[in-house]
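*Asks:* Here you go, one structure.
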Amino acid sequence: AALYERPEGDQKMNDQANAIRLIMALRRNGVTDTNVLSAIERMPRDFFVPQNFHDKAYEDTALPIGHGQTISQPLVVAMMTQELELNDRMTVLEIGTGSGYQAAILSQLCRRVYSIERLKPLLDVAQKRFEDLKIRNITSMHGDGYKGWPSVAPFDRIIVTAAAAQEPPPALMDQLAVGGIMILPVRLNALKEQLIKIRKTETGFTELPIMDVRFVPLVSEHDIYAAS
């Protein structure tokens, strides 16, 4: 059976009204890219949250999705997506498939998304969601995101949806194409995490802070980035 039954009647109208309110809130908070806003408006966020949180699906808040993980706050999803500066010719690597929501947004804005998830139960559900929504340009696998996906590198864009400890994983820096952009949260100290934008140039990397955030930790098989 399909995971997602599109709501009907009053529920559908409620969801549409709430989605419009969410888009207006994102605009007020600095999301200006109309392609990103359209992608978020079209993608049913209620499909990516557990049934018992459907009433909160269009609130600008992170929600639990099980296994100690969350679906990110829509503002963070929108800002990370906007800062990637996507076009429809690009390939994107996502570290942390989670619910599949971020990948589904990206899939509307680029040529192909490669997504890695270390928690198999989350990946299985996300893959079923992509299937139900007939999204054909996401390739996802179970693995250690810290290592990236060398066999399909380099990537035009990389997005990491878990917080690295101070430094981005070296494998991901290597797998970013020259001229490419990586967006990821880094843990500056026990209390502060920041979303940063890294651009790879011919001679090295430039780094730009975007906003303060809170993410689950980026965990490697070696636990190099485990929560301290």
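*Asks:* Against the longest alpha carbon principal axis of the chain, how many degrees, from 0 to 90 and to the nearest 10, is the axis of helix 9-28 turned?
*Replies:* The two axes meet at around 40 degrees.
*Asks:* Residues in the stretch 180-220 near a label at Arg89, defined as backbone nitrogen under 20 Å from the 7 Å Cα→Cβ point?
*Replies:* Within reach of a label on Arg89: 180-182, 199-202.
*Asks:* Cα centroids of the stretch 146-162 and the stretch 24-95: how far apart, whole angstrom?
*Replies:* 20
*Asks:* With label points built 7 Å along Cα→Cβ from the Cα atoms of Leu191 and His67, find their separation and express it in nm.
*Replies:* 3.3
*Asks:* Still on this structure, I have one more. May I ask you to evaluate 6.51 cos²θ - 1.76 cosθ + 1.60, the Karplus curve with θ = phi - 60°, for each residue of the stretch 123-132 and list the ³J(HN,Hα) values in order in whole Hz, giving x for glycine and proline?
*Replies:* 4, 4, 5, 4, 4, 5, 5, 4, 5, 4
*Asks:* A further question on this structure: Taking R0 as 41 Å, what FRET efficiency do you get between Glu167 and Gln16 from their Cβ-Cβ distance, rounded to the nearest 0.05? Write down the numbers at each step before the final one.
*Replies:* Numbers: r = 43 Å, r/R0 = 1.05.
So the FRET efficiency works out to roughly 0.45.
*Asks:* Roughly how compact is the chain, stated as its Cα Rg over 2.2 N^0.38 Å to two decimals?
*Replies:* Working: Rg = 16.7 Å, N = 228, 2.2 N^0.38 = 17.3 Å.
Computed over Cα atoms of the chain, the ratio equals 0.97.
*Asks:* Between Arg42 and Glu59, what is the label-to-label distance in nm when each label sits 7 Å out along the Cα-to-Cβ direction?
*Replies:* Those two pseudo-labels are separated by 2.9 nm.
*Asks:* Another one. How many times 2.2 N^0.38 Å is the alpha carbon radius of gyration of the stretch 23-73?
*Replies:* Details: Rg = 11.8 Å, N = 51, 2.2 N^0.38 = 9.8 Å.
Rg over 2.2 N^0.38 Å, computed on Cα atoms: 1.21.
*Asks:* Okay, moving on. How much length is gained on full extension from Asp124 to Val152, taking 0.36 nm per residue of separation minus their Cα-Cα distance?
*Replies:* Numbers: separation 28, 0.36 × 28 = 10.08 nm, distance 2.14 nm.
Gain in length upon complete extension: 7.9 nm.
*Asks:* Farthest toward the dipole's positive end in the chain, which of Ala190, Ser107, Met80, given Cβ charges of +1 (Lys, Arg) and -1 (Asp, Glu) about the Cα centre?
*Replies:* Looking along the dipole axis, the top candidate is Ser107.
*Asks:* Charges only on Cβ, +1 for Lys and Arg, -1 for Asp and Glu: so what's the dipole of the stretch 71-228 about the Cα centre, in debye to the nearest 20? Please list the in-between numbers first.
*Replies:* Details: 17 positive and 18 negative charges, 66 e Å.
Computed charge dipole of the stretch 71-228: roughly 320 debye.
*Asks:* Taking amide H positions as placed in the peptide plane 1.01 Å from N, state which residues far from Leu176 in sequence (5 or more) or on other chains have amide H under 5 Å from it.
*Replies:* Phe155
No lab work stands behind these numbers, since they all come straight from the coordinates. What you see is a predicted model, and the numbers here were worked out from it, not measured in a lab. We place every Cβ from the backbone using ideal geometry, glycine too, and count neighbours over all the protein chains shown.
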